[in-house]
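Okay, structure first, notes after.
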Amino acid sequence: MDKQQSIAEYNHKIKRVMITQEEIAQRIAEVGKQIDEWYDGRPFLLVSILKGSFVFLADLCRAISSPCEIGFMCAKSYYKQTVSSGIVSITMDLEQDVSNYHVIIVEDIVDTGRTLNDITKLLKERNPLSLRVVTLLDKPSRRLVDFKPDVSLFTIPDFFVIGYGLDGEELYRNLPYVAEYNLDD
Ligand code: 5GP
């Protein structure tokens, strides 16, 4: 396959833009202000769940004026289809002791809800001062467990989406917008 063909194939998988760069920026500015009001200037910890939330975290933290620390966690969940909660395997853990912090988990998307259900359970066992979840996207129609984020910037229907940190076979994370992924061909 020549270079032009592979670029055409790459572009073909981007079916349509669902949320523009401008719409994302506007919601992030609003949520940044909201977060500033939560802790009244007291320091808190933003925990990014890798890899999908790295772009969102980078923009969200710059929309916040209060002092905050950043932490990273990488988690993989393994489920049998019929089981609604599973063991989340932490492939990279936080370096902070969360018992000293108000914690905000920053996630890319809540789908079945199982990953965040498990991660919040796990972090609660470490006794943070408080724990909240902020997600860029929420697909409530796909939920398999009873999980509700504190803040969701956008609620979307059941489409597989890419861009703004979210991948399609590890590509497309660098798109500045959220798009529907072309699963057809
Ligand atoms: P859950 O445990 O809520 O089913 O899954 C959450 C994870 O599944 C997300 O963090 C994300 O990695 C992946 N995921 C769910 N829906 C999508 C989607 O539409 N696009 C992409 N790229 N990843 C998704």
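Among the numbered conditions (1) over 15 Å from the mean Cα position of the chain (by Cα); (2) more than 10 Å from the ligand (Cβ to nearest atom), the only one that Arg142 does not meet is (2).
The combined condition, being at negative phi, out of contact with any Cys (no Cβ under 7 Å at 6 or more places or on another chain), surrounded by 13 or more Cβ atoms within 10 Å (Cβ to Cβ) and among the acidic types (Asp, Glu), is fulfilled by Asp36.
If you scan the range 24-42, which residues turn out to be without any contact (Cβ under 8 Å) to a residue 40 or more places away in the chain and either assigned to a loop (DSSP other than H, G, I, E, B) or not basic (Lys, Arg) (or both)? Scanning the range 24-42 gives Ala25, Gln26, Ala29, Glu30, Gly32, Asp36, Glu37, Asp40, Gly41. Contact annotation: residue pairs with Cβ atoms under 9 Å, 6 or more positions apart or on different chains, pairing a residue in the range 110-137 that is more than 24 Å from Ile64 (Cβ to Cβ) with a partner that is within 12 Å of the ligand (Cβ to nearest atom) and in a helix (DSSP H, G or I), are Asp111/Arg142; Thr112/Arg142; Gly113/Pro140; Gly113/Arg142.
Among the residues of the range 146-165, are any in contact with a Gly (Cβ under 6 Å, 6 or more places away or on another chain) and closer than 26 Å to Phe44 by Cβ?
Within the range 146-165, one or more residues are in contact with a Gly (Cβ under 6 Å, 6 or more places away or on another chain) and closer than 26 Å to Phe44 by Cβ.
Residues checked against (1) modelled with pLDDT of 95 or more; (2) within 21 Å of Ala58 (Cβ to Cβ); (3) of a type in the set (Asp, Glu); (4) more than 12 Å from the ligand (Cβ to nearest atom):
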| position | (1), (2), (3), (4) |
| --- | --- |
| Val88 | no, no, no, no |
| Gly113 | no, no, no, no |
| Leu131 | yes, no, no, yes |
| Leu153 | yes, yes, no, yes |
| Ile162 | yes, yes, no, no |
| Leu166 | yes, yes, no, no |
| Tyr181 | yes, no, no, no |
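Glu107: in contact with a strand residue (DSSP E or B) (Cβ under 6 Å, 6 or more places away or on another chain) and of a type in the set (Asp, Glu), yes or no?
On the way: in contact with a strand residue (DSSP E or B) (Cβ under 6 Å, 6 or more places away or on another chain): yes; of a type in the set (Asp, Glu): yes.
Yes: the conditions hold for Glu107.
On the basis of being free of Cβ contacts under 8 Å to residues at least 60 places away in the same chain, more than 21 Å from the chain's Cα centre (by Cα) and not in a strand (DSSP E or B), does Glu9 make the cut? Considered against the rule, which asks whether it is free of Cβ contacts under 8 Å to residues at least 60 places away in the same chain, more than 21 Å from the chain's Cα centre (by Cα) and not in a strand (DSSP E or B), Glu9 comes out as yes. Scanning the range 115-127 for residues that are outside any loop (DSSP other than H, G, I, E, B) and more than 12 Å from the ligand (Cβ to nearest atom) yields Lys121, Leu122, Leu123, Lys124. Of all residues in the range 76-86, none satisfies being more than 10 Å from the ligand (Cβ to nearest atom), under 25 Å from Ile162 (Cβ atoms) and modelled with pLDDT of 95 or more. Here Leu171, Leu136, Leu183 are screened, and the one residue that is closer than 18 Å to Val47 by Cβ, touching a Lys or Arg at 6+ places or on another chain (Cβ under 9 Å) and not aromatic (Phe, Trp, Tyr) is Leu136.
The values are calculated or read from the model by the stated rules, or taken from the named source; none is laboratory data. The shown structure was predicted, so the numbers you read here are calculated from the model rather than taken from an experiment. Counting neighbours? That spans all protein chains shown, and the Cβs are built from the backbone with ideal geometry, glycine included.
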